[in-house]
Amino acid sequence: MKTLVVYYSRTGKTKFVAEKVATALKADIEEVVDMKNRNGRFGFLKSGYDATRGNETEIKETQNSPSNFDLVVIGTPVWNSRPASAISTYLKRNNFAGKKVAVFCTNEGMGEEKAIERTKALISNGNIVGELVVSKVLENQEENESKISYWCNKLASL
Ligand SMILES: Cc1cc2nc3c(=O)[nH]c(=O)nc-3n(C[C@H](O)[C@H](O)[C@H](O)COP(=O)(O)O)c2cc1C
């Protein structure tokens, strides 16, 4: 099964999970790059505002088309119970017709259910085959790694 992992990460936690998933599934990996500066206090506030408003952001052109893969795994941090703007922008611009799609999010322990539902709602035509929440990524590293590996085994057996 040809697999692509697509993720956005502001501070590295979603990247950490995306890399584990890509290794476990022998997948290609694509980082969605947000061209807006989201560093610092102002960047944080702006990010929450953009996510809550559902604002699109400017993303760097991506290299891989979902159409070339059987399974696409989407990873996003939770921003105010929503996907990050770069991921909502990416999802609105791509079509997943005929594809298996799995979604994961990282957060600190709040709003994950809504974030997953809102992320799934942006996936046009895809067949959602899995979802995963990874909370406090680097604090609970051992527990999270076994959770990720269990999830990947399930995806690999689809
Ligand atoms: C603007 C903003 C909003 C956030 N909202 C939430 C939230 O609603 N619930 C939560 O548990 N964590 C929230 N967080 C924390 C991140 O989801 C969490 O730290 C995530 O793992 C960061 O991933 P990253 O390092 O890949 O950017 C928020 C972070 C930012 C920047």
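The values are calculated or read from the model by the stated rules, or taken from the named source; none is laboratory data. Source: prediction; values computed, not measured. Backbone-built Cβ (ideal geometry, glycine too); neighbour counts: all protein chains shown. When the accessible area is computed, the model is the full protein with side chains, heavy atoms only, and any ligands, DNA or RNA have been set aside. Shrake-Rupley method; radii C 1.70, N 1.55, O 1.52, S 1.80 Å.
Entry note: region 24-100 has Rg to Rh equal to 1.00, where both radii use alpha-carbon atoms and Rh is the Kirkwood radius. Would you kindly give the portion of the calculated P(r) for the chain that falls above 26 Å, as a percent of all Cα pairs? So the pairs more than 26 Å apart make up 18 percent of the total in the chain.
With contacts taken as Cα pairs under 8 Å at a separation of at least 6 residues, region 1-68 carries a relative contact order of 31 percent. Per q in 0.16, 0.28, 0.29 Å⁻¹, report the Debye log10 I(q)/I(0) for region 59-119, using one uniform scatterer on each alpha carbon and no solvent. The Cα Debye sum returns log10 ratios of -0.52, -1.21, -1.25. By a straight-distance test (C-alpha under 15 Å), which aspartates and glutamates pair with residue 136 as possible cross-link partners, with residues fewer than eight away in the same chain excluded? Qualifying aspartates and glutamates at Cα under 15 Å: 108, 112, 145.
Across the protein chains, with a 1.4 Å probe defining accessible surface, the residues 78, 33 rank 33, 78 from largest area downward.
Rounded to the nearest 10 square angstrom, residue 139 shows an accessible area of 130 square angstrom against a 1.4 Å probe. Report note on the peptides 144-155, 105-116, 34-45, 85-96: ranked by the mean count of other C-beta atoms within 10 Å, highest first, their order is 85-96, 105-116, 144-155, 34-45. Would you kindly calculate the mean projected area, averaged across all directions, of the convex hull enclosing the Cα atoms of region 7-58, in square nanometres? Over all viewing directions, region 7-58 projects a mean Cα-hull area of 4.0 nm².
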